[in-house]
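Single-structure report; data block below.
The values are calculated or read from the model by the stated rules, or taken from the named source; none is laboratory data. It should be emphasised that the depicted structure is a prediction, and the values quoted were computed from it without experimental measurement. Every residue, glycine as well, gets a Cβ built from its backbone with ideal geometry; the counts of neighbours run over all protein chains shown. Please note that ligands, DNA and RNA were not included when accessible areas were found on the heavy atoms of the full protein model with its side chains. Shrake-Rupley method; radii C 1.70, N 1.55, O 1.52, S 1.80 Å.
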Amino acid sequence: MSWAACCSNKQMQDMFFGESSGAMFRDAAKGRREAACQWCYETVQMLVVGKSLMWICDNCKGVCEACEKCGQPVRQGLVRKDNYKTCSLCFFKNFKKMEKVKVEYITAGRPMMALTKELERVSDFREQAAKAGLLRPFLLLVALPPVSRLQMAITLGWTFIGGSEMGDAHSEAWELLSRRSIGLRDRMVRMRDTLLRRETNWHSILLPLCEDLCVPAYMNWSEEFTSEKMSYADALKECHKQSAPNISSLETEFVDKIGKHQRARMSSLQACSLAELKNSDSLRKLLALPALQGQGVQGLLSYCIDSSFLQLARRDGSDGTGAVDADDLVHEVVSLLSGVYQGEAALFEEAIMHTAPKVCRDGVVMERDEAPHGSILNANIGGFWLTIDLLDIDTTTPAGKLLPCVLQILFQKGRLALHGIKIEDFMKGDFD
């Protein structure tokens, strides 16, 4: 009997692949399954990657492998071929407990006073960030809501849930920047493909991304960017100052460039549809809000409108040609612009109150699509993943891992500007 004939027997399959091999392969053939995600601790739809037994969470995009014993998707870092104690059989014992902890962590309200105290608080993590020239991204990470920091950790390759740093904004922010091998700082060293471990500052994280994603090989820096391309020494000096005009200009210009590259990928039909929506009463009222008139938020606002439109146009399962309602677009843009403190909805109330309720064909009023309470989906990272897809960026490369995280950081700078908050105002005592 041939090897293939032997392995077609269920007993032989169990011997080679484990007791649940049949279920594993049947689920993979279907392309999806419902399972508990060990990254975001939610019961979600898992989608199979290609023809492999690799699974990806539809909510947080965490990648899992099938456990060799029970077939449940488990985090790659937990799979051990010689020890089944790390599989989901043990994981399920405390799943409900960890899920409850995560929901409480994500949904905890943060008023403006609490945000200000966090940005002013002195800690060892803050001192390390200031010394390394990473204080700007550190404070912007502290200003992010907990769900966004959690999503960023999952994107980079680990999770805060159950960790000692969970709940401390300063600890989480420093871990995102400095975690060995997979933090923002170490991933940038790998992006440069160099063994020379110079201290990576904020400018040396932004610069390679700008060059790789925004400057074609046949052009030089000055033809694409108006911001100065600083040397490592000059950039390090500016990173150790409260006022960093060159770095601030580079941050704004990078977001603007990414938005323009995404806009260039729109079809003529999409561009026309979006232009019509911008002339609608709902969007005009939104764009007329006083908080959205500042020059520093125009790049953020333009990206949010484009990204929200492209996501809504794909919700019907099409390739981006679906009909988009103006009121839906306003709600989607407001959700992307939110995420600073509890009670900020009043800032957009004037635009939201004029939108009409969503009505079904039978005349029944229905709720708009919103992320479930306590879900990782409240991080609103879908637009960044869409940008990566439109720009044909490989998500397994350092640039693919870094871009959504850097965009989240820079978007928080724009969100703070909507409320008149400048991150430089909280750096006065760090470089005296």
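Structure above, values below:
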{"item": "Relative packing of peptides 265-277, 399-411 - highest average C-beta neighbours within 10 Å first", "result": "399-411, 265-277"}
{"item": "Accessible area in the full protein assembly, largest first, 1.4 Å probe, for Asp168, Asp394", "result": "Asp394, Asp168"}
{"item": "Net charge over other residues, Cβ less than 13 angstrom from the Cβ of Asp58 (K, R count +1; D, E count -1)", "result": "+1"}
{"item": "Euclidean distance of C-alpha centroids, segment 244-283 and segment 160-189, integer Å", "result": "31"}
{"item": "Between segment 370-415 and segment 104-149, the alpha-carbon center distance in angstrom", "result": "19"}
{"item": "Heavy atoms of Glu120 accessible to a 1.4 Å probe, total area in Å² rounded to 10", "result": "110"}
{"item": "Cα→Cβ-extended label distance, 7 Å offset, between Val103 and Ile182, nm", "result": "2.6"}
{"item": "Accessible-area order (highest first, 1.4 angstrom probe) of the listed residues Arg110, Arg121, Arg284, Arg149", "result": "Arg284, Arg121, Arg110, Arg149"}
{"item": "Protection proxy ranking, peptides 239-248, 376-385, average beta carbon neighbours within 10 Å, highest first", "result": "376-385, 239-248"}
{"item": "Sorted peptide list for 321-331, 35-45, criterion being average Cβ within 10 angstrom, highest first", "result": "35-45, 321-331"}
{"item": "Per-selection metrics, segment 269-353 (Cα): Rg and Dmax in Å", "result": "12.9, 38"}
{"item": "Segment 172-278, accessible area per residue, ligands and nucleic acids excluded (1.4 Å, Å²)", "result": "52"}
{"item": "Dipole magnitude of segment 239-361 about its Cα centre (Cβ charges: Lys, Arg +1; Asp, Glu -1), debye to nearest 20", "result": "260"}
{"item": "Surface accessible to a 1.4 Å probe, Val255 within the full protein complex, Å²", "result": "20"}
{"item": "With DNA, RNA and ligands ignored, accessible area of Met353 (1.4 Å probe; Å², nearest 10)", "result": "130"}
{"item": "Whole-Å distance, taken between Cα centres, linking segment 309-354 and segment 201-242", "result": "33"}
